[in-house]
Structure formats: structure tokens, C-alpha cells
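Asks: A single structure is presented below for examination.
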Amino acid sequence: MKRRLRYFVTLAALLLIPLTAIATSGWTNYVPVAELTPSMHGRFLIKLKAPKNPSGCKNKDTFYHDYDAPGSEPIFRIALEALTSGKKIRVYVTGRCELNGYSEISSVSIIP
């Protein structure tokens, strides 16, 4: 019985490894912000029509940043400015994916 349980635990671990192994970090291309969604769940979402998302997360165009993470206020303000002005931004994905397949970001860059 112990051997069978150990087998299933090992199998489950091996099935989860590829999901995190393909996730990488890096910058997206500069694109306009399609949507900025503040939420009550401790994070805000930024939707971009980026042709490439280096993270490898399931959802290719939605990114998140937690309110309590360092730099959240400047990141939100830059995304809001880009949304209202039509300027383009790029985001730096950490390689971390959350349950809905959104990519975590740690930085943002804006151009006119």
C-alpha cells in the first residue's frame, strides 16, 4: 500500500513539473493597454494584445500584479496613463502563472 501511494505522489509531482518548467521570465513587446481591471482580490489585471508572452502561461494576454507587492502603485499608474492616453507599454513577466493562467509581472515600461 505504501509503495502504491508513493507511486501516485511521484506521478502527481511529475505531472505538475512541466507546467512550471516551461514558464520563463522576460519582456513583452510594446503594445497599447486593452483593459485595466482593479479588483477586490488583492491584485489588478492588465490586458495587453502582446504578440509574445515569454512566460508560457495559459492566458497569453492577461497579466497581474498584487497590490501589496513592491512597486504596485507606479505600475498601476503607468498602466492607467497608457490606457487613457493611448501610449504603449511593455511588461516584465516573472515566469510565475496563477490559477487562471495569468502571468505575474514585476515591472512596466512606457513609450510615447
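Asks: If you keep only loop residues by DSSP, which trypsin sites (Lys or Arg not before Pro) in segment 21-52 have at most 15 other Cβ atoms within 10 Å of their Cβ?
Replies: Hits after loop and neighbour filter: K49, K52.
Asks: Follow-up question, since we're still on this one. What number comes out for the charge environment of L80, summing +1 per Lys or Arg and -1 per Asp or Glu over other residues with Cβ under 12 Å away?
Replies: After counting each charged neighbour, the total is -1.
Asks: Please find the FRET efficiency linking Y30 to L80, where r is the Cβ-Cβ separation and R0 is fixed at 22 Å, and quote it to the nearest 0.05.
Replies: The computed FRET efficiency comes out at 0.85.
Asks: Below 12 Å, Cα to Cα, which aspartates and glutamates can K49 reach? Residues fewer than 8 away in the same chain don't count.
Replies: Excluding near neighbours in sequence, the set is E35, D61.
None of the figures in this text is laboratory data; all of them are computed from the coordinates on show. Small disclaimer: the values here were computed from a predicted structure and weren't measured. All Cβ positions, glycine included, derive from the backbone under ideal geometry; neighbour counts span all protein chains shown.
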